[in-house]
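Student: Here it is, the structure, as structure tokens.
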Amino acid sequence: MLGILVGLRLRENPLAIVAALAALLVAAAIALIFFYVPSDADQGFSQRIFYLHVPIALTAYVCFGWGAWRAFVHLWKREPGADLESYVAIHQGVIFGSLTLITGSLWAKISWGHWWLWSESQLVLFLVLFLFYGAYFMLRYSVEPGPARANMCAVYALFGAVLIPISFLAIRLANQLIHPVVFTLQGPQMSGSMFLTFCISLAAMLSLAATLYHVELTGKRLDAHLRELRELVA
């Protein structure tokens, strides 16, 4: 009976399903990273951060890309709520971008003895992308709420989308070992257990981002409705 009730509640709340899936995948990813996947022959145990760093970075790209897409929809179709969805997606992208920089710096320090290398274009380009979208919030909160702010933020978000493929390609075209390319035209350059762990980790980060995105979006919408009610009452 309890299982049936839980199943019915989950059907009534799709977000709960996404959250439960995210929790399950995150737990599975952690277990695979620390207890299943073999250590790298060259970098040893520290290479396991790859299974967090790369999925987190890809998730940041997805969030920024989704934010740019919703900004485009706002400008094109004037779809209600698209501006808010763009804002929340970019916010999540900045969060995962911060985690990308942190995990990347830790990995670089352990493996190569440097927290950061300004000579590496791929690192600098991701930092530029991160700072560009970080400045998005300065723009948004320097303008009064309304159509003008929504339009300005949408245009800004679209300009940032240009940096996403540039940053991604810079990593793939880099010749330095700080960002080894493991996905080539010949397929993933890793064993089956490594590829499985990477896929589970990527799914975990994407589902976690989706959960956080919908939770924040729901909260923002409730806050907007409450403000409207206060204005009506006043």
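The values are calculated or read from the model by the stated rules, or taken from the named source; none is laboratory data. The structure displayed is predicted, hence computed values, not measured ones. Using ideal geometry, Cβ is built from the backbone for each residue, glycine included, and neighbour counts are taken over all protein chains shown. Only protein heavy atoms, including side chains, enter the accessible area calculation; ligands, DNA and RNA are left aside. Shrake-Rupley method; radii C 1.70, N 1.55, O 1.52, S 1.80 Å.
Student: Restrict the check to region 76-90 and report whether at least one residue is assigned to a helix (DSSP H, G or I) and at pLDDT below 90.
Tutor: Yes: one or more hits.
Student: Assess whether Val88 counts as being open to solvent by less than 20 Å² (accessible area, probe 1.4 Å), of a type in the set (Val, Ile, Thr) and touching a helix residue (DSSP H, G or I) at 6+ places or on another chain (Cβ under 8 Å).
Tutor: Here the answer is yes, as Val88 does meet what is asked.
Student: Another question about this same structure. Which condition from (1) in contact with a Leu (Cβ under 7 Å, 6 or more places away or on another chain); (2) touching a residue at least 60 places away in the same chain (Cβ under 8 Å) is the one that His91 breaks?
Tutor: Result: His91 passes all but (1).
Student: Considering only residues that are part of a helix (DSSP H, G or I) and either modelled with pLDDT under 85 or surrounded by fewer than 11 Cβ atoms within 10 Å (Cβ to Cβ) (or both), which ones fall in region 137-158?
Tutor: Answer for region 137-158, where residues must be part of a helix (DSSP H, G or I) and either modelled with pLDDT under 85 or surrounded by fewer than 11 Cβ atoms within 10 Å (Cβ to Cβ) (or both): Met138, Pro147, Ala148.
Student: Now a separate question. Being farther than 27 Å from Cys199 by Cβ and either open to solvent by less than 30 Å² (accessible area, probe 1.4 Å) or hydrophobic (A, V, I, L, M, F, W, C) (or both) is true for just one of Ala161, Ala71, Ala60, Ala108. Which residue is that?
Tutor: Ala71
Student: Would you point out the residue of region 99-127, among those that are more than 18 Å from Ser167 (Cα to Cα) and out of contact with any helix residue (DSSP H, G or I) (no Cβ under 9 Å at 6 or more places or on another chain), that is modelled with the highest pLDDT?
Tutor: Of everything passing the filter in region 99-127, Lys109 is modelled with the highest pLDDT.
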